[in-house]
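Participant: Can you read through this structure? Questions will come right after.
The values are calculated or read from the model by the stated rules, or taken from the named source; none is laboratory data. Small disclaimer: the values here were computed from a predicted structure and weren't measured. Positions of Cβ are backbone-derived with ideal geometry, glycine not excepted, and every protein chain shown enters the neighbour counts. For accessibility, only protein heavy atoms count, side chains too; no ligands or nucleic acids. Shrake-Rupley method; radii C 1.70, N 1.55, O 1.52, S 1.80 Å.
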Amino acid sequence: MRCVTYTLTPTRGYFDRGAERLRERGVTFESILDIDRLEDGTIITQKVVRGDRSPVREALEETGDAVVDYQLTDTDGTTILQLHYRPSELVDELLGIHHRHAVLLDYPLAYIGPENRSLRVAEIGRETALRRVLEETRALVDVEIERLGNYDPSEERAFADLTERQREVLRVAVEEGYYEEPRQVTYEDIASQLDCSTGTVGQHLRRIEARLMSTLVAGDERCSETDRDRDPAPSRSVR
């Protein structure tokens with residue numbers, strides 16, 4: 001398995017017009033803690049933001065039916081925006097690329113660069129899958145590879161904090177080929193074996209992936225030094 005860290009920069013300057021409205025009111029995006037696309041095409045995400053609450057509310061209220069629901073929570077000096085919304089075409093296409101291939105996002109995803117308009121992403125998977133993700137992503141936004149390397153999934157401590165049910169969900173997902181490239185099964189297939197809903201399967205897998213990735217890959221040095229800056233995608237110019 002391989003790990004790649006890369007930066008996405010939208011050519012128009014923003015990923016979503018709603019996010020741009022928040023920036024225009026002095027709100028800064030710092031990171032994405034979680035993101036998931038639901039069956040109806042809407043997205044639920046948690047983002048760490050910095051700025052006054054009132055501009056956040058004003059901007060979100062101006063988005064019309066794009067925002068389904070939202071909640072602001074302050075914890076340990078940090079403001080977390082939990083947002084349920086209808087994504088822009090660009091965001092929907094980028095998420096679609098991720099879901100088409102057997103790769104894992106390593107949260108949090110950090111906003112970087114001038115005005116935090118770029119997004120640093122770390123993903124783990126087979127090199128062939130990572131290559132396809134990068135190729136398809138480059139057709140939509142500017143991509144800069146930061147590092148590439150190996151990771152060792154054999155550390156048993158990574159599984160110590162999983163619940164018995166989470167281990168069962170993970171076992172079925174692995175055995176049935178959910179993490180193969182291309183994926184061999186869907187949430188529905190896994191749910192039918194576990195006698196639960198597809199939403200429950202998705203929730204379990206997202207929590208498992210977030211926990212395992214944060215444990216297996218430490219800090220920003222997610223990838224080994226040996227292959228740093230080697231681009232897994234075929235040699236070509238980047239837009």
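Participant: Rounded if a/c is under 1.5, else prolate if a/b beats b/c, else oblate: with a ≥ b ≥ c from the C-alpha gyration tensor eigenvalues square-rooted, which is the stretch 1-102?
Facilitator: Values: a/c = 1.61, a/b = 1.40, b/c = 1.15.
In terms of gyration-tensor shape, prolate.
Participant: Taking a probe of 1.4 Å, how large is the accessible area per residue of the stretch 24-113, in Å²? Can you show the working numbers first?
Facilitator: On the way: 4430 Å² over 90 residues.
Normalised by residue count, the accessible surface of the stretch 24-113 is 49 Å².
Participant: Suppose the chain between GLU93 and THR163 were pulled fully straight at 0.36 nm per residue; how much longer would it get relative to their current alpha carbon spacing? Display every interim value, and only then the final one.
Facilitator: Details: separation 70, 0.36 × 70 = 25.20 nm, distance 3.30 nm.
Length difference between fully extended and current span is 21.9 nm.
Participant: Here's a follow-up. In the stretch 30-188, what percent of the accessible surface is made up of carbon and sulfur (1.4 Å probe, ligands and nucleic acids excluded)? Working shown, then result.
Facilitator: Numbers: 3650 of 8070 Å².
Here it works out to 45 percent.
Participant: So what's the net charge close to SER118: Lys and Arg +1, Asp and Glu -1, counting the other residues with Cβ under 10 Å from its Cβ?
Facilitator: Values: positive: ARG117, ARG120; negative: GLU115, ASP142, GLU144.
Every neighbour counted, the sum reads -1.
Participant: Sort 168-178, 50-60 for me by packing, meaning the mean count of neighbouring Cβ atoms within 10 Å per residue, highest on top. Walk me through the intermediate numbers first.
Facilitator: On the way: 168-178: 16.5, 50-60: 15.0.
Going from most to least packed, we get 168-178, 50-60.
Participant: If you stretched the chain out fully between SER192 and SER54, how much longer would it get, using 0.36 nm times the residue separation minus the C-alpha to C-alpha distance?
Facilitator: Values: separation 138, 0.36 × 138 = 49.68 nm, distance 4.46 nm.
My answer for the length gained is 45.2 nm.
Participant: Between beta-carbons, use under 9 Å as the cut-off and find the net charge around THR28, counting Lys and Arg +1, Asp and Glu -1.
Facilitator: Details: positive: ARG23, ARG50; negative: GLU30, GLU115.
Net of charged neighbours comes to 0.
Participant: Which residues in the stretch 1-40 place their backbone N less than 19 Å from a point set 7 Å from the Cα of THR78 along the Cα-to-Cβ direction?
Facilitator: Within reach of a label on THR78: 27-36.
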